[in-house]
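Trainee: Let me begin by handing over the structure; questions about it come next.
Values in this text are rule-based calculations from the coordinates and carry no lab data. Predicted model, so just to flag it, every value in this text is computed and none were measured. Reconstructed Cβ throughout: ideal geometry from the backbone, glycine too, with neighbour counts over all protein chains shown.
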Amino acid sequence: MMIDVSHISKRFGTMTALDDVSLAVPRGSVLGLLGHNGAGKTTLVSILATLTRPSSGRARVAGLDVTGRAEEVRRLIGLTGQYASVDETLPGRANLILLARLLGATRAEAAGRADELLELFDLTGAGRRNARNYSGGMRRRLDLAASLVGRPEVIFLDEPTTGLDPVARRGLWEIVERLVKDGTTVLLTTQYLEEADTLADSITVLAEGRVIASGTAAELKERVGRRSVSVTLRRAEDRARTVEALRRAALTPAHDEDGLILTVPVADSTDIAVVVRAVDEAGTDMAGLAFSEPTLDDVYMALNHPTAAHHATAAATAATTGHPTEAGTSS
């Protein structure tokens with residue numbers, strides 16, 4: 001494993017920022033670390049990047065202990081934080097040359113590496129402009145380029161797309177995907193669930209410093225299991241007999257306020273055929289049919305607010321079906 005965390009805890013006085021956290025990241029893969037503000041994501045990255053020491057537990061990067069062999073670890077890693085860390089008073093190219101020189105490169109090597117990275121991040125034309133004049137997306141690309149000057153084997157990206165517009169965010173995603181294809185290992189902290197779904201090979205969810213779930217995006221979505229088939233009716237007068245036909249098929253449809261869209265929870269995509277047969281038996285003319293998988297948003301809400309998510313779902317079902325539930329009644 002390129003990143004191996006075993007029972008890491010971190011305390012600041014009486015506050016526990018991390019509590020018995022364990023995770024592992026294979027070479028050439030992306031681990032998405034999800035969690036609300038204060039969940040412990042940045043603290044964990046700081047420990048792995050040798051910026052702070054754990055209170056207990058062990059962590060290794062590329063087989064090296066992050067506390068006992070910190071200097072060696074720092075030679076193997078790159079770190080991009082939530083905010084641009086480049087010197088805005090210097091041109092982009094000068095920033096990269098300076099970093100390369102600090103890492104021991106000759107003048108010629110530093111200039112060559114800077115030009116290589118500027119081309120990779122589509123910044124060649126802006127290389128001689130002061131970084132303060134870069135757009136937000138350009139600064140984030142320069143910041144990521146800076147973290148790659150030393151050709152790191154492991155990169156820590158701590159909410160790297162914070163504040164970027166969707167176009168700039170997707171541009172950074174493409175760069176990360178390229179790096180991983182070349183064998184780089186990435187630990188990505190993010191609050192953008194779409195980002196984790198797109199980039200991460202596996203996901204770990206933190207809450208109040210503890211791991212509350214881990215697995216692939218598909219595995220986490222499976223835990224929520226909110227698959228559904230939506231049937232769009234052409235005429236509202238078809239609703240009653242269609243609902244009855246679906247209930248005879250042991251399904252539990254709910255409808256929207258207009259009554260034209262029936263939402264049917266199902267176990268998996270094979271149940272689409274059951275829904276279609278029931279609608280056909282009702283003699284209903286459909287305007288549309290759609291199958292929906294659970295999203296990481298559903299997972300995140302269920303994991304972080306299980307009780308609230310349950311009551312909200314139950315109340316919504318009661319409102320649409322007209323059948324009170326325990327969650328929809330008052331005591």
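Trainee: Just to be sure I understand: if I project the alpha-carbon convex hull of region 168-266 onto a plane and average over all orientations, what area do I get in nm²? Don't skip to the end; give the middle numbers.
Mentor: Working: hull surface 40.9 nm².
Average of the hull's projected areas for region 168-266 equals 10.2 nm².
Trainee: May I ask which residue of THR198, HIS36, THR52 lies farthest towards the positive end of the charge dipole of the chain, with charges of +1 (Lys, Arg) and -1 (Asp, Glu) on Cβ and the Cα centre as origin?
Mentor: Checking the options against the dipole of the chain, the answer is THR52.
Trainee: Step through the residues of region 172-188 one at a time and calculate ³J(HN,Hα) from phi using the Karplus curve (6.51 cos²θ - 1.76 cosθ + 1.60, θ = phi - 60°), rounding each to whole Hz and writing x for Gly and Pro.
Mentor: 5, 4, 4, 5, 4, 4, 5, 4, 5, 4, 7, x, 6, 9, 10, 10, 10
Trainee: Would you mind checking which residues have amide H under 5 Å from ARG11's amide H? H placed 1.01 Å from N; only 5 or more apart, or other chain.
Mentor: The list, which skips near neighbours in sequence, is ALA17, SER55.
Trainee: About the Cα centre, and with charges only on the beta carbon of Lys, Arg (+1) and Asp, Glu (-1), how big is the dipole of region 146-188? Nearest 20 debye, please.
Mentor: With only Lys, Arg, Asp and Glu charged at Cβ, the dipole is about 120 debye.
Trainee: Further question: Which one is right for this structure if Rg and Dmax of the Cα atoms in Å is calculated from it: (1) 25.2, 79; (2) 19.6, 67; (3) 21.3, 79?
Mentor: (1)
Trainee: Of the peptides 175-183, 141-149, how do they stack up when ordered by the mean number of other Cβ atoms within 10 Å, highest first? If you can, show how the numbers build up before the last one.
Mentor: On the way: 175-183: 14.2, 141-149: 23.7.
Packing proxy ranking, top to bottom: 141-149, 175-183.
Trainee: Among 46-57, 91-102, how do they line up by average Cβ neighbours within 10 Å per residue, starting with the highest? Walk me through the numbers on the way to the answer.
Mentor: Details: 46-57: 18.2, 91-102: 20.8.
Top to bottom by mean Cβ count within 10 Å: 91-102, 46-57.
Trainee: Under a Cβ-only charge scheme (Lys and Arg +1, Asp and Glu -1), can you give me the dipole magnitude of the chain about the Cα centre, in debye to the nearest 20?
Mentor: With Lys and Arg at +1 and Asp and Glu at -1, about 1200 debye.
Trainee: Work through the residues other than ALA17 whose Cβ is under 11 Å from its Cβ and net out their charges, Lys, Arg +1 and Asp, Glu -1. Mind showing how you got there, number by number?
Mentor: Working: positive: LYS10, ARG11, LYS41, ARG210; negative: ASP19, GLU208.
After counting each charged neighbour, the total is +2.
Trainee: Taking neighbour counts of Cβ atoms within 10 Å as a proxy for exposure, in what order, fewest first, do LEU103, LEU31, LEU76 appear?
Mentor: Lowest count first: LEU103, LEU76, LEU31.
Trainee: Could you tell me which residue out of LEU142, LEU157, GLY183 lies farthest along the dipole of region 116-183 toward its positive end? Charges go on the beta carbon: Lys and Arg +1, Asp and Glu -1, centred on the Cα centre.
Mentor: Projecting each Cα onto the dipole axis, the largest value belongs to LEU142.
Trainee: Here is a further query. Reachable lysines from LYS10, Cα under 19 Å, same-chain residues fewer than 8 places away excluded?
Mentor: Straight-distance partners of LYS10: LYS41.
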